[in-house]
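In what follows, a single structure is set out as structure tokens and then discussed.
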Amino acid sequence: MASEFQIEVEGIQELAKRFGDLDKDGRKRMAKAINLNAVKFSREVRKSITKRTGRHKKYRRGGKNHWSSSPRRAPNSDTGDLRKYIRITTRAGQTRLGVIVISGAKYSRALEEGFTLKPRRRTFVLASAANRRRSGPEGPANYKVAPRPFMAPMLKKLEREFVARMKQSIIGIL
């Protein structure tokens, strides 16, 4: 399941009127600003995944040790798939300009929003101290994994810069 973010603009009627006033060069400047914002966003998201954000739990996968990130922090890269599958899709037409930045890894939404692990039937799953009291004969009950958001915090961090770049493109500075 992919995770994607679209930017919504308040005061859309004013912006649409302003868009109508833009000439061909103005549309090119606006398209350039939108693309620069998308590229900056995708680079910063990739960088946040690559950078270690703490050590929470250690586990072994494929002969390698990996430390999961702390809850509510960007995930630490393990296989590199999350970073690799971030892509930009351009949405442009006669009356609209836009881009969508998508994280196409199948587990990206689960990381962004958190998820619940459910043990398999007839398998024994070691319960942590916190989950022991909810354990049954087949292992622990369902338990929640805290979110490791990587796209929403970056959007919030870069929002002012993006808005400033869009304003510059409208008035002709960019």
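The values are calculated or read from the model by the stated rules, or taken from the named source; none is laboratory data. Values in this document were obtained by computation on a predicted structure and should not be read as measured data. Neighbour counts are summed over all protein chains in view; Cβ atoms, including those assigned to glycine, are modelled from backbone coordinates with ideal geometry.
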Checklist outcome for this item: Filtering the stretch 118-145 down to residues that are surrounded by 13 or more Cβ atoms within 10 Å (Cβ to Cβ) and either modelled with pLDDT of 75 or more or under 30 Å from D25 (Cα atoms) (or both) yields V145
Next on the checklist: With the requirement that a residue be touching a residue at least 12 places away in the same chain (Cβ under 8 Å) and of a type outside the set (A, V, I, L, M, F, W, C), what does the stretch 150-174 give you?
Outcome noted: P153, K157, E161, R165, Q168, S169, G172
Checklist entry - Looking at the stretch 64-86, which of its residues are in a strand (DSSP E or B) and either among the aliphatic types (A, V, I, L, M) or in contact (Cβ under 8 Å) with a residue 24 or more places away in the chain (or both)? => result I86
Checklist outcome for this item: Taking the stretch 54-85 and the residues there that are of a type in the set (S, T, N, Q) and loosely packed, with under 13 Cβ neighbours inside 10 Å, the one that is modelled with the lowest pLDDT would be N65
Next on the checklist: The conditions are (1) modelled with pLDDT of 75 or more; (2) in a loop (DSSP other than H, G, I, E, B), and N37 fails exactly one of them. Which is it?
Outcome noted: (2)
